[in-house]
Amino acid sequence: QVQLVESGGGLVQPGGSLRLSCAASGSISSFYFMGWYRQAPGKQRDLAASITSGGSTNYADSVRGRFTISKDNAKNTVYLQMNSLKPEDTAVYYCNARQSTKTYWGQGTQVTVSS
């Protein structure tokens, strides 16, 4: 059973930056897809950014140009660099990883953007 552990969330002022990390207990090479979802209070969980096993990335329109997803296979970790943060980026951020027959979720990390 693979475990995903997120870290790096916190409180940041508008315009600031944070880097989230998602560490997997096993090899991330086994996942064809890894992504960062986010869920604001009272809203559905939406995909913010994703990366495939081949390194292709995709971003929601709301974060494109500000967020960057990357991965380090040697460290079994996926990152989300978030720049120019806005109050509307406030949410719980969840790491997601997919194999052919299984999907895994992390426990989430809170990101709050406020002055």
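Bear in mind these aren't lab numbers, they're just calculated from the coordinates by the rules spelled out. Nothing here was measured: the structure is a model prediction, and the numbers come from that model. Don't worry about glycine lacking a Cβ; one is built from the backbone with ideal geometry, like all the others, and counts go over all protein chains shown.
Quick look at the numbers
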{"quantity": "Two-site label geometry, residue 61 and residue 29: point separation in nm, points 7 Å out along Cα→Cβ", "calculated": "3.9"}
{"quantity": "Lys/Arg +1, Asp/Glu -1 at C-beta; the range 47-115 dipole; positive extreme among 100, 67, 47", "calculated": "100"}
{"quantity": "Lysines whose Cα lies under 19 Å from that of residue 43, excluding same-chain neighbours fewer than 8 positions away", "calculated": "86"}
{"quantity": "Extension gain from residue 5 to residue 43, taking 0.36 nm per residue of separation minus the Cα-Cα distance", "calculated": "11.4 nm"}
{"quantity": "Charge dipole (debye, nearest 20) of the chain; +1 at Cβ of Lys and Arg, -1 at Cβ of Asp and Glu", "calculated": "120"}
{"quantity": "Relative contact order [Cα under 8 Å, 6+ residues apart], the range 46-113, whole percent", "calculated": "21"}
{"quantity": "Whole-number Å³ per residue for the convex hull built on Cα positions in the range 60-115", "calculated": "111"}
